Amino acid sequence: MKIVQISDIHVGSQFREEVFDQVIDEVNIIHPSAIIVTGDLTNEGLMQEYEKCKAKIAKFKTEKIIAISGNHDYRNTGYLLFKKFFPFESVNQLGSNVVLATLGTARPDRDEGEVGYRQNLWLERTMKKYPKKIKILAMHHHLVGIPDSGTDRVTVIDAGDVLRTAISSNVNLVLCGHKHRPWIWNFGNLLVVNAGTASSERMRGFFENTYNIITIDKNKIRVDLKIVGGKTMPLQNLVTNYTRFGEE
Ligand SMILES: [Fe+2]
Ligand SMILES: [Fe+2]
């Protein structure tokens, strides 16, 4: 099974429309079972941005699109619009052996993320229902800090609680966005994956628009980074062959 993770589209200012059109073409060739969009679909949460983004996303050929909100989508009372434009379920069964749960971390007019006590409890109870499945958790804000992405914003403010729940619930994969910096942390049975930005000019540390391709074969999970218009490589390569931009 293939799942594509796209993040931080940012329709509005700094949106690279021709790049996103290329993402649509490339992803349609892959024809994934599902596409997960991990937030910041719009730049300012405005009606025109939502309309344009919805029309673009309708061009993807896939069985299921799960789009979750980011802090930018919640600006200017965009939180009132998000669910109208991008309705989704919090728990999604993909194929016969994968379950994907989403957490809402965006709060109106705030840039930092929060999961909260109740949602964390919900997550714990939900994941317990699927002991045999591969468990994926998707959220907009990053769960663990990422290099070269600045110190102005911390992770979700209750990251420790969520990380504990993820590990004790045997979550296999966490998908995050927000920092516009592709990265992967490997904690043994738990992979924490960050997507870069698919189509915003605002890149950090890795200066290409990218998205992630997740391949699940029986119980094995592989995560590849796809540079828009460029090569595909294991996301782990970014970590293993780490260099700061401009240094060799
Ligand atoms: Fe973003
Ligand atoms: Fe964000």
List the residue pairs whose Cβ atoms are under 6 Å apart, where the first residue sits in region 62-91 and is within 14 Å of ligand 2 (Cβ to nearest atom), the second is in a loop (DSSP other than H, G, I, E, B) and acidic (Asp, Glu), and the two are 6 or more positions apart or on different chains. Gly70/Asp40; Asn71/Asp111; His72/Asp40; Arg75/Glu44
Here is a check on your reading of the model: is Asn97 on the phi > 0 side of the Ramachandran plot and not β-branched (Val, Ile, Thr)? no
Residue check, Phe20 in contact with a Lys or Arg (Cβ under 7 Å, 6 or more places away or on another chain) and at pLDDT 95 or above: yes
Could you pull out the residue among Gly150, Gly160 that is within 15 Å of ligand 2 (Cβ to nearest atom) and either out of contact with any helix residue (DSSP H, G or I) (no Cβ under 7 Å at 6 or more places or on another chain) or at pLDDT 95 or above (or both)? Gly150
Would you tally the residues in region 24-49 being more than 18 Å from Val174 (Cβ to Cβ), in contact (Cβ under 8 Å) with a residue 24 or more places away in the chain and more than 16 Å from ligand 2 (Cβ to nearest atom)? 9
Which of the residues belonging to region 177-190 are closer than 14 Å to Leu235 by Cα and surrounded by fewer than 21 Cβ atoms within 10 Å (Cβ to Cβ)? Ile184, Trp185, Asn186
Among Val91, Val11, which is β-branched (Val, Ile, Thr) and closer than 16 Å to Asn209 by Cβ? Val11
Looking only at region 83-93, decide whether some residue is farther than 30 Å from Lys56 by Cα and either within 19 Å of the chain's Cα centre (by Cα) or of a type in the set (Gly, Ala, Ser) (or both). no
Report yes if Lys84 is away from ligand 1 (no atom under 16 Å from the Cβ) and either out of contact with any Ser or Thr (no Cβ under 9 Å at 6 or more places or on another chain) or at positive phi (or both), otherwise no. yes
Exactly one of Thr197, Thr155 is crowded, with 24+ Cβ neighbours inside 10 Å, within 17 Å of Asp40 (Cα to Cα), in contact with a His (Cβ under 9 Å, 6 or more places away or on another chain) and among the polar types (S, T, N, Q), and that residue is Thr197
Complete set of residues in region 176-223 that are touching a Gly at 6+ places or on another chain (Cβ under 9 Å), modelled with pLDDT under 95 and away from ligand 2 (no atom under 16 Å from the Cβ): Phe206
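The values are calculated or read from the model by the stated rules, or taken from the named source; none is laboratory data. Small disclaimer: the values here were computed from a predicted structure and weren't measured. With ideal geometry, Cβ positions are generated from the backbone for all residues, glycine too; neighbour counts draw on all protein chains shown.
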